[in-house]
1. Do we find a residue being touching a residue at least 60 places away in the same chain (Cβ under 8 Å), over 27 Å from V38 (Cβ atoms) and in contact with a strand residue (DSSP E or B) (Cβ under 8 Å, 6 or more places away or on another chain) anywhere in segment 97-113?
2. Given (1) modelled with pLDDT under 90; (2) of a type in the set (S, T, Y); (3) crowded, with 19+ Cβ neighbours inside 10 Å, identify the lone condition not met by T99.
3. Condition (residue is hydroxyl-bearing (S, T, Y), within 30 Å of V29 (Cα to Cα) and in contact with a Leu (Cβ under 9 Å, 6 or more places away or on another chain)) applied to segment 117-132: is it met by at least one residue?
4. Just checking, which of L89, L35 is touching a Ser or Thr at 6+ places or on another chain (Cβ under 8 Å), buried (at least 16 other Cβ atoms within 10 Å of the Cβ) and of a type in the set (A, V, I, L, M)?
5. From L65, L114, L74, which residue is touching a Ser or Thr at 6+ places or on another chain (Cβ under 8 Å), at pLDDT 95 or above, at negative phi and crowded, with 22+ Cβ neighbours inside 10 Å?
6. Assuming V132 fulfils every condition listed in (1) surrounded by fewer than 13 Cβ atoms within 10 Å (Cβ to Cβ); (2) under 16 Å from K81 (Cβ atoms) apart from one, which condition is it?
Amino acid sequence: MAGHTKLRREIEPRWVAEYCKTHYPNYPVRYRCPLGPVPPGLAEGFPPEKALRIARPWRPEVDALVIAPRELILVEAKVFKYMDGLSKLPVYRDLVDSTPELEQYRKLPRRMQLLLPAKLDWVETAAKAVGVETVVWCPDWVRAVWEERDKYWTKEAVQAREERKRILKAIGYA
């Protein structure tokens, strides 16, 4: 399933960008928006702006932060690992209060959206419990990736992987 991890990294940013451009065309959007404070001691002795740049790799990032006139909308997209998005969004929402770059928006209400490729009952139930809105928005190219996941466990795919392993072992690579 390692290929799925790579696919997610490649498609989720594109998917979120298309979603935001389609649904929030008139609002500023910050993609891969870092959240939370600069870790203590990490950037001591640097001006605040440089400290934020230095700390970026150590701060969590929400896929997109839409700055609407009356609210902030935190958007997290998940093709496969829905629980990751559900668990991250409430944390991200709360980190806005300690994010220096978002100080001017701290008083705005916050809405959390989990972008999904299909309606999933268990995700809907869990999302409602933590105040996350689920949004099913699935362009054809996302659907193709989402549907590909089921092929991994088919008899043909398993046999193809076994054959690859056999060949690699025969030539000394396994």
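The values are calculated or read from the model by the stated rules, or taken from the named source; none is laboratory data. This structure is a prediction, so every number in the text was calculated from the model and none was measured. Backbone-built Cβ (ideal geometry, glycine too); neighbour counts: all protein chains shown.
1. No, that holds for no residue.
2. T99 satisfies all of (1) modelled with pLDDT under 90; (2) of a type in the set (S, T, Y); (3) crowded, with 19+ Cβ neighbours inside 10 Å except (1).
3. Residues of segment 117-132 hydroxyl-bearing (S, T, Y): 125.
So of that shortlist, the ones also within 30 Å of V29 (Cα to Cα) come out as 125.
Cutting the leftovers down to in contact with a Leu (Cβ under 9 Å, 6 or more places away or on another chain) gives us none.
No, because not a single residue in segment 117-132 is hydroxyl-bearing (S, T, Y), within 30 Å of V29 (Cα to Cα) and in contact with a Leu (Cβ under 9 Å, 6 or more places away or on another chain).
4. Numbers: L89 fails: touching a Ser or Thr at 6+ places or on another chain (Cβ under 8 Å).
Within the list L89, L35, the selection yields L35.
5. Details: L65 fails: touching a Ser or Thr at 6+ places or on another chain (Cβ under 8 Å); L74 fails: touching a Ser or Thr at 6+ places or on another chain (Cβ under 8 Å).
That would be L114, the only listed residue that is touching a Ser or Thr at 6+ places or on another chain (Cβ under 8 Å), at pLDDT 95 or above, at negative phi and crowded, with 22+ Cβ neighbours inside 10 Å.
6. Of the numbered conditions (1) surrounded by fewer than 13 Cβ atoms within 10 Å (Cβ to Cβ); (2) under 16 Å from K81 (Cβ atoms), the odd one out for V132 is (1).
Each row is one residue, and each column tells you yes or no for (1) surrounded by fewer than 18 Cβ atoms within 10 Å (Cβ to Cβ); (2) within 30 Å of L120 (Cβ to Cβ); (3) out of contact with any strand residue (DSSP E or B) (no Cβ under 7 Å at 6 or more places or on another chain); (4) of a type outside the set (A, V, I, L, M).
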| site | (1), (2), (3), (4) |
| --- | --- |
| E12 | no, yes, no, yes |
| Y19 | no, yes, no, yes |
| P40 | yes, no, yes, yes |
| E49 | yes, no, yes, yes |
| A55 | no, no, yes, no |
